[in-house]
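The structure under discussion appears below in the form of C-alpha cells.
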Amino acid sequence: MTIENRKKRKLTIAKAMSEALAQEMRQDENVFVMGEDIGALGGVFGTTQGLLDEFGKTRVRDTPISETAFIGAAVGAAAMGMRPVVELMFVDFFGVCMDAIYNLAAKNAYFSGGHQPAPMVLMTSVGGGYSDAGQHSQCLYGTFAHLPGMKVVIPSNAYDAKGMMISAVRDDNPVIFMFHKNLQGMGWLGTVKGSIVDVPEESYKVPLGKAEVVREGADITLVGLGATVHQALEAATELEKDNISAEVVDLRSLVPLDRETVLNSVRKTGRLVVIDDDYQSYGVSGEIITTVVEQGIDFLKAAPKRVAYPDVPVPFSRPMEQYCLPNAEKIRTAAQACF
C-alpha cells in the first residue's frame, strides 16, 4: 500500500504511544512494560491501552507504589539484555528514584566502556494547567537534559509520538520519553486539537535528535517543545495581523539537541523567541539562546527573548498558575518587542 492511497486515520498521542509499544512487543519478545496502573487501567494517561489483554501479566506488569524499586528493576533488566519500558507516572516523582535513573541507567554504558548499555525507555507525564499544584505539574526538561548519558525527547503530536517511541525502544541508550498532559488525548484532561494527527498503521521511526520546522516564516523564529509548539503556532497566526511572518521550530528532542536547525532558522529570520513551560533559569530557553549567540551576533537583528515559567513552585490556585504559564499572547508580545 502506498502512502498516497492508504486509509488515513487520526490518533491521539496516547493511542499512538500504545500502538507503538504493541508493535514493538510483537516483534521483540525482550520488550516489556511496567509501572503503576499500566495494566488493567491502561495507564493513567492512556500510554498502555490494550497491552495487558494482548500480552498478559508477564510482559505488562503493574507495580507497587515504589518508583525506586521498579525503575531499579528496569535498569537491571536492561543490563541483562531486556528492553523495558517503564512509566514514571508524573515527572515530579523523579526525586524518589533519581539514583536508579542517573547513577545507574545513565552511567552504565560509560562505566562499562560501552559493554553494558541500558536500553530502556522511561516514559513520564509533564506539564501543568490543571491546578494539580507543585508535586504533579512540573516539566523538568532542563533537569534531565543537563545530565549526560540519557536521551530526552518530547513529541508535540501523535505522528511523532509513535515514531519516536519506536525509535526510543530500539535505542541502546536510556531514553526519557516525556509526554505533555495537555496533548495526550485523555478526555478528562482536554487536548490541544493540533496534537491529534494522521498516523500510519505500519511501523515507522522518527529520528531522535532531529528538530522540525513546522511553520515557515521570514521575520522571526519561535522555538518550542511539546505543548509550547502549539502555543507558538497560535501566536504565529496572530502575528500575521501585525504583518510579522513567524517561523516555528519544534525541538522534539532535547538530547541530542538539533542546534543546526535552530541556527539555520535564526540566520534566516534574524530574531528569536524561545518558549518553555519549564522553569526559566538554567533551562532549555537559556541553552537555545546561548547556542545562537555563541555563533556570533552579526545575523541577529534584535536581542533574543524567552517566554518561560517563572522560578516559583507551581501554585495550586488556578488564577495564579495560569498567570505563570506561557501562552500565545505572551509569545506575541515578546515577538513584537523584537521589532
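The values are calculated or read from the model by the stated rules, or taken from the named source; none is laboratory data. Because the structure is a prediction, the values reported are computed rather than measured. Positions of Cβ are backbone-derived with ideal geometry, glycine not excepted, and every protein chain shown enters the neighbour counts. Areas reflect the complete protein model, heavy atoms only, side chains present, ligands, DNA and RNA absent. Shrake-Rupley method; radii C 1.70, N 1.55, O 1.52, S 1.80 Å.
Some points to look at:
- Based on C-alpha pairs under 8 angstrom that are at least 6 apart in sequence, segment 20-145 has a relative contact order of 23 percent.
- Note on the chain: Cα-only Rg and Dmax are 19.7, 59 Å.
- For segment 209-321: Kirkwood Rh in Å [reciprocal of mean 1/r, alpha carbons]: 14.3
- Taken per residue, the accessible surface of the chain reaches 42 Å², heavy atoms only and a 1.4 Å probe.
- Å³ per residue enclosed by the Cα convex hull of segment 1-158: 146
- Taking the helices alone, the chain has a mean residue ellipticity at 222 nm of -9500 deg cm²/dmol, built from -39,500 (n - 2.57) per DSSP H run of at least 4 residues and averaged over all its residues.
- Unit charges at the beta carbon, dipole of segment 42-89: most positive-side option, THR47, GLY81, ALA69: GLY81
- Working from Cα pairs under 8 Å separated by at least six residues, relative contact order for the chain is 16 percent.
- Just the protein heavy atoms count here, and of the accessible area of the chain at 1.4 Å, carbon and sulfur take up 54 percent.
- Cβ-defined net charge surrounding GLY134, 12 Å radius [Lys, Arg +1; Asp, Glu -1]: -3
- For segment 192-305, the relative contact order works out to 29 percent when only alpha carbon pairs closer than 8 Å and six or more residues apart are counted.
- Under 9 Å, Cβ to Cβ, from VAL197 - net charge with Lys/Arg +1 and Asp/Glu -1: -1
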